[in-house]
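Taking it in order: structure first as structure tokens, then the write-up.
The values are calculated or read from the model by the stated rules, or taken from the named source; none is laboratory data. The shown structure was predicted, so the numbers you read here are calculated from the model rather than taken from an experiment. Glycine gets a Cβ as well: all are built from the backbone with ideal geometry, and neighbour counts include every protein chain shown.
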Amino acid sequence: MTGRVPFTMIRIATPADLDAIVHLHTEARATYYRGHLPEQEYAGAEEVGRSKGGWASAIDRDGATVLCAERDGALAGIAAHSVRDGVMHLSQLHVAPAHWREGVGTELHDACVAAWQRDGVTEARLEVFVHNTRAQSFYVAHGWTPDPAHPRAGTHLVLRLAVPAAAHP
């Protein structure tokens, strides 16, 4: 693999992706919840079942988009977004820890922003766990700022992004 830049394919998730999505989601969440929440709250059987139901619903729901990023045929990252209360929300963006710092998160983020631009979205919001400083740094580097109207939602910070207008050639 020397010198080869891995190719990332980003595509819309299908029901066949569900188990892999839930596994990646659970693995990624463990990296930032461990030490802050009891394990059963992010990796217990009940929580994994709830997560599976949520992902299945998002994959099948009109108005929601779930993206899969694949590297060498394996799931490397996931993202989900939908409009909630009239505002676009990036509800999930996770990269498998084995693929951190490889650009997968940026590629997923860019795919979300491109979709928002095509749909005329001018602003998006997200919530990030207060102790997940790695993700907070990622979002700030991608233009997200604290939401002055709603800076927190429980144990999460609320960030917003002014979606830039699409560049036209």
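Taking interchain pairs and intrachain pairs at least six residues apart, which have beta carbon atoms under 9 angstrom, with the first residue in the range 96-121 and under 17 Å from Ile12 (Cα atoms) and the second surrounded by 15 or more Cβ atoms within 10 Å (Cβ to Cβ) and of a type in the set (D, E, K, R)?
Close Cβ pairs (under 9 Å, with a partner that is surrounded by 15 or more Cβ atoms within 10 Å (Cβ to Cβ) and of a type in the set (D, E, K, R)) amount to Val104/Arg71.
Looking at (1) of a type outside the set (Lys, Arg); (2) more than 21 Å from Ala69 (Cα to Cα); (3) in contact with an Asp or Glu (Cβ under 9 Å, 6 or more places away or on another chain), find the lone condition where His142 falls short.
(2)
Given the conditions (1) under 18 Å from Ala28 (Cβ atoms); (2) in a strand (DSSP E or B); (3) more than 13 Å from the chain's Cα centre (by Cα); (4) of a type outside the set (Lys, Arg), report the number of the one that Ala98 does not fulfil.
In the conditions (1) under 18 Å from Ala28 (Cβ atoms); (2) in a strand (DSSP E or B); (3) more than 13 Å from the chain's Cα centre (by Cα); (4) of a type outside the set (Lys, Arg), Ala98 misses (2) alone.
Just to verify a result, which residue in the range 113-144, among those that are acidic (Asp, Glu) and part of a strand (DSSP E or B), is farthest from Ile59 (Cα to Cα)? Break it down into steps so the answer makes sense when it comes.
Looking only at the range 113-144, we keep the residues that are acidic (Asp, Glu), and these are 119, 123, 127.
Pick out the ones that are also part of a strand (DSSP E or B) and you get 123, 127.
Working: Glu123: 23, Glu127: 20 Å.
For the range 113-144, the residue satisfying everything is Glu123.
What number of residues in the range 17-55 are small (Gly, Ala, Ser), at pLDDT 85 or above, surrounded by 16 or more Cβ atoms within 10 Å (Cβ to Cβ) and more than 24 Å from Phe7 (Cβ to Cβ)?
Taking the range 17-55 first, the residues small (Gly, Ala, Ser) are 20, 28, 30, 35, 43-45, 49, 51, 53-54.
Remaining after also requiring at pLDDT 85 or above: 20, 28, 49, 51, 53-54.
Filter again for surrounded by 16 or more Cβ atoms within 10 Å (Cβ to Cβ), leaving 20, 28, 51.
Within this subset, residues satisfying the condition of being more than 24 Å from Phe7 (Cβ to Cβ) are 51.
Number satisfying all stated conditions: 1.
If a residue must be within 24 Å of Trp100 (Cα to Cα) and either in a helix (DSSP H, G or I) or touching a Pro at 6+ places or on another chain (Cβ under 7 Å) (or both), how many such residues does the range 27-46 contain?
10
Could you look through the range 145-169, keep only residues that are touching a Phe, Trp or Tyr at 6+ places or on another chain (Cβ under 9 Å) and assigned to a loop (DSSP other than H, G, I, E, B), and pick out the one that is nearest to Gly77 (Cα to Cα)?
Looking at the filtered set, the residue picked out is Val163.
Read through the list (1) in contact with a Pro (Cβ under 9 Å, 6 or more places away or on another chain); (2) outside any loop (DSSP other than H, G, I, E, B); (3) of a type outside the set (Val, Ile, Thr), then give the number of the only condition that Asp110 fails.
So Asp110 meets the others, but not (1).
Within the set of pairs 6+ apart or on separate chains, which have a first residue in the range 136-148 that is farther than 19 Å from Glu107 by Cβ, a second that is crowded, with 16+ Cβ neighbours inside 10 Å and not polar (S, T, N, Q), and C-beta atoms under 6 Å apart?
Pairs found: Gln136/Val128; Asp147/Val158; Asp147/Arg160.
Considering only the range 91-122, how many residues are of a type in the set (D, E, K, R), surrounded by 15 or more Cβ atoms within 10 Å (Cβ to Cβ) and at pLDDT 95 or above? Walk me through it before giving the result.
Initially, the range 91-122 is screened for residues of a type in the set (D, E, K, R), giving 101-102, 107, 110, 118-119.
If we keep only those that are surrounded by 15 or more Cβ atoms within 10 Å (Cβ to Cβ) too, we end up with 102, 107.
Going one step further and asking which of them are at pLDDT 95 or above, we end up with 107.
Looking only at that region, the number is 1.
For Thr14, which of the numbered conditions (1) modelled with pLDDT of 95 or more; (2) within 23 Å of Arg125 (Cβ to Cβ) fails to hold?
(2)
Considering only the range 47-70, how many residues are in contact (Cβ under 8 Å) with a residue 12 or more places away in the chain and not in a helix (DSSP H, G or I)?
9
Val83 - would you say it is free of Cβ contacts under 8 Å to residues at least 60 places away in the same chain, surrounded by 14 or more Cβ atoms within 10 Å (Cβ to Cβ) and of a type outside the set (Gly, Ala, Ser)?
Details: free of Cβ contacts under 8 Å to residues at least 60 places away in the same chain: yes; surrounded by 14 or more Cβ atoms within 10 Å (Cβ to Cβ): no; of a type outside the set (Gly, Ala, Ser): yes.
So Val83 does not fit the description; no.
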